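Below is one structure, written out as structure tokens; comments come after it.
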Amino acid sequence: MLSRKKRTPPYDPNPTVLSTFSGAIMELLAKLVKSSSFQHNGTKGSERETAIRNFLEEHFPKSLETATGEVVDPHGNKSPQLDLMIFDKLRNMPLSPGENVILPAEALLASFEVKSRLNKEEVRKTMTAAAKLKGLKPFKRPLIAGSRGKRSKGDQCRYFHSIIAFDTDIAKDAWASREMKRIRETASELSLPVDIIDRVYIVGCGLLHPETGRAVQETQERPLGLLNLYMHVLNFVIRENQNRHSVPYDQYTGRLTSGWKSV
């Protein structure tokens, strides 16, 4: 029997892909700069979330929907408000549609918290919220731990949860190591695993992978942080969606036996 040779991607990004994302991130950054002109923080946050949402919708498969809202499981547990949630709209639907949706836990694939400025308190709040999210029980089962190499199967699920921040209170020249140290310290203080957050992306700085303790720096000429975040989320969502069962909506409505009689 012939052995299958492991395929390794090229070391450098495809020039066409990198060029496309350079243009995309420039457009995204232009919208973020424009949003800074708004004085009201709520308006500014809404503009930024809309810019990211549009970016995801333009660069994800059309079957994937991006929404804002909460996630609930069959036990009645619910997540905090999530700025952006990704689910397959062709396989599943929200329990409550609208501007802020309520999504069944079995439908959620990935989520984002959008922050204007990352600091110690925001990291703490985000980790606490992520713990509540990852405490949900889709299909009445705990989530699989987020370790590398683990894959969902049927009624076993994982969520990919990330932070996107437009600024940080850490100087850019020491950003990666100090941000990683802050994440580790905060996780320890809260008695949470450091990979309760899957990725941390800071516009203009780069991307952190908390589980491995690795980072990729970026510049406007080489937006590798955003490119990596996009590819990590895309690959996860496609793989997770293929392996997971559809939402058992009957678990949210109960047995529905009341009122029935023999005729």
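Here are some notes:
- Global form of segment 78-212, assessed from the alpha-carbon gyration tensor, a/c cut-off 1.5: prolate
- Charging the Cβ of each Asp and Glu at -1 and of each Lys and Arg at +1, and nothing else, the dipole of segment 108-263 about its Cα centre rounds to 740 debye.
- Cα-Cα separations in segment 151-230 greater than 16 Å, expressed as whole percent: 52
- Excluding ligands, DNA and RNA, the accessible surface per residue across segment 104-252 is 44 Å² with a 1.4 Å probe.
- In Hz, Karplus ³J(HN,Hα) per residue of segment 132-139 (6.51, -1.76, 1.60; θ = phi - 60°; x = Gly, Pro): 5, 4, 7, x, 5, 10, x, 6
- What you get for segment 182-263, charging only the Cβ of Lys and Arg (+1) and of Asp and Glu (-1), is a dipole of about 340 debye around the Cα centre.
- Portion, in percent, of the accessible area of segment 191-263 that falls on carbon or sulfur, probe 1.4 Å: 51
- On segment 100-144, 49 percent of the accessible area sits on carbon and sulfur atoms, based on a 1.4 Å probe.
- Using θ = phi - 60° in the Karplus curve 6.51 cos²θ - 1.76 cosθ + 1.60, the 3J(HN,Hα) couplings for segment 205-213 round to 10, x, 10, 10, 10, x, 4, 8, x Hz; x is entered for Gly and Pro.
The values are calculated or read from the model by the stated rules, or taken from the named source; none is laboratory data. Quick caveat: nothing in here was measured; it's all calculated off a predicted structure. Every residue, glycine among them, receives a Cβ derived from its backbone with ideal geometry; neighbour counts consider all protein chains shown. Remember, those area values only see protein heavy atoms, side chains included, never the ligands or the DNA or RNA. Shrake-Rupley method; radii C 1.70, N 1.55, O 1.52, S 1.80 Å.
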